[in-house]
Each structure stands twice: as structure tokens, then as C-alpha cells.
Amino acid sequence: MRIFGLRIWVVVGLVVLVAAGIVVLYFLYGRGPQPGDVVFQDDFSAPSSQWPAGASKGGFTLFSGGTYLVGVDPGSSISALTDLPTTQRDVRVEAAVVRMPSAHDVLVGLACRADETDRFYELAISGAGRWVVVRRPDLTVLGKGMFDPSSLGSGAVDLDAECAGGDAEHPLRLALSVNGTVVGVAHERPGEAPLPSGGVGFVVVNGSADPADVHFDDLRVLVA
């Protein structure tokens, strides 16, 4: 009987150890999205109701040949935004600009933390090598500067917008990269509360005298 009782305690001990191991693994790996996890992506191979499509004030948006086309009238701007499937404050938005506009006064960029009132951060570049980070809709410029326009190359341009932080321990960081190189970093103004989590999208600001058509492709949103 003593041997039988000992075996019972051994089995109970093993069960407890296994249960403890499962709990440890849960806290290590099962606490939700981890940096680098993809939370949303779209290659625009097919039309989707996820994105606005059709005529709008200042131009139009549509699905075209496996890309998402944003067409903007002279002197106008368009922001094409979509919600994320999960609430995620810190994100990195990646997308390809199939070809940068030839006009140097057209800004092409990405949006993050967009809410239902169309407040969001815009991180954009021009073909002349200008970068700017703006809080919309009040058009507050949080950062701007120049980079070497030769880094744009002659083909598709990979844009990367990191929108992370926003509390006392982790201040808001808005970083814009072109073809893998960070070209500009901005922060929220002192005393201003950072925008909370929200949607993402594309932004085109046409400061030229001609219409601007910009094709976006291969959007990915990752945990930052």
C-alpha cells in the first residue's frame, strides 16, 4: 500500500509540474501579439470593401492591376484609410510605391493611428528628397527635413512608417524609412497627448499643377 501511495504522489507531482510548465509557456509566448507579428496585410490582388474606392473630394481611389491607385487633383490631397482587425497601438506600416510621381511637389506617404474623426499621423516623402511628419487634420508639422533623393532609385520605393510609444515610459516615436533607411524621426509636441491606437492608410498631397496618380502595393502592418 505504501508503494501504491508513493506512485500516486509521483503521478500527482508530475501533473503539477506539467501544469506549471504550461502556465510558464503561456506567459512567455501566449500574451498576445509580439514585435514583428503581422496584424494586417493586403496585396490588392482583388478589390476589397476594406478600402474606399470611387470618386471623392479632390480625386479618386480604385483598385488597378493588382495595386491600389490614389489619384489626386492639383492642389488637393486624399487620405485613404482603413481600420485594423485588432487594437494595436505600436505598429510599423510597410508598403511599396510602385513609382514615385515625377513632380517634386507631390507628397506620398503612410498614415497611422487614424480614428473615426480622421485624426491621424501622416509620414510622407517627395521625389525631391523632402520628408515630413504631420498630425492631421490640424496639419501640425511634427518634423521635417531632407534626404538624398538618389536613395529612391528608379523603381518601386519601399516605405516604412513606425508609430510606437505614447506614454511616460515610452514617448511617441514616428519614424519614416525609405528603402530600408530611416530618413526622418519626429515626436509629438510637448504638452500634446499622442493619438491613441487606430487605423492605417495611404496619403497623397498634390502641390503640383498636374494630376498625380500614385499606385500603392503590398501593404503590411506589423507589431512594432
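The values are calculated or read from the model by the stated rules, or taken from the named source; none is laboratory data. In this text, all values refer to a predicted model and were calculated from it rather than measured experimentally. We place every Cβ from the backbone using ideal geometry, glycine too, and count neighbours over all the protein chains shown. Only protein heavy atoms, including side chains, enter the accessible area calculation; ligands, DNA and RNA are left aside. Shrake-Rupley method; radii C 1.70, N 1.55, O 1.52, S 1.80 Å.
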- Are there any strands (runs of 3 or more DSSP E) wholly within segment 34-89 with 3 or more residues that are farther than 19 Å from L123 by Cβ, and if so which? 54-56, 59-64, 67-72
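Check whether at least one residue in segment 71-90 is of a type in the set (A, V, I, L, M), touching an Asp or Glu at 6+ places or on another chain (Cβ under 9 Å) and under 23 Å from D118 (Cα atoms), and report yes or no.
Taking every residue of segment 71-90 in turn, at least one turns out to be of a type in the set (A, V, I, L, M), touching an Asp or Glu at 6+ places or on another chain (Cβ under 9 Å) and under 23 Å from D118 (Cα atoms).
Can you name every residue in segment 152-183 that is among the small types (G, A, S) and closer than 18 Å to G201 by Cβ?
Result: A161, A164, A175, S177.
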- Query: Does S197 satisfy the condition of being at pLDDT 95 or above, farther than 25 Å from F60 by Cα, in a loop (DSSP other than H, G, I, E, B) and out of contact with any Phe, Trp or Tyr (no Cβ under 9 Å at 6 or more places or on another chain)?
  - Reply: yes
- Among (1) open to solvent by 80 Å² or more (accessible area, probe 1.4 Å); (2) under 12 Å from the mean Cα position of the chain (by Cα), where does G198 come up short? (1)
- Subset tally (residues that are open to solvent by less than 10 Å² (accessible area, probe 1.4 Å) and either of a type in the set (S, T, N, Q) or under 16 Å from V91 (Cα atoms) (or both)) for segment 173-194: 4
- strands (runs of 3 or more DSSP E) wholly inside segment 92-190 containing at least 3 residues that are more than 18 Å from the chain's Cα centre (by Cα) and of a type outside the set (S, T, N, Q): 140-146
- Taking segment 85-118 only, how many residues are basic (K, R) and within 16 Å of F44 (Cβ to Cβ)? 1
- Is it the case that segment 28-38 has a residue that's surrounded by 15 or more Cβ atoms within 10 Å (Cβ to Cβ) and touching a Leu at 6+ places or on another chain (Cβ under 7 Å)? no
- Taking segment 89-106 and keeping residues open to solvent by 30 Å² or more (accessible area, probe 1.4 Å), over 19 Å from G65 (Cβ atoms) and either among the β-branched types (V, I, T) or at pLDDT 95 or above (or both) leaves R89, D90, R92, E94, D105
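Just need a number here: residues in segment 73-88 that are among the small types (G, A, S) and either surrounded by 18 or more Cβ atoms within 10 Å (Cβ to Cβ) or in contact with a His (Cβ under 6 Å, 6 or more places away or on another chain) (or both).
Total satisfying the criteria: 3.
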- Can we say D148 is charged (D, E, K, R) and touching a residue at least 60 places away in the same chain (Cβ under 8 Å)? no
- Could you check, for segment 103-110, whether at least one of its residues is over 23 Å from A209 (Cα atoms) and in contact (Cβ under 8 Å) with a residue 24 or more places away in the chain? no
- Task: Take segment 119-134 and flag every residue that is open to solvent by 20 Å² or more (accessible area, probe 1.4 Å) and under 18 Å from V91 (Cβ atoms).
- Result: R119
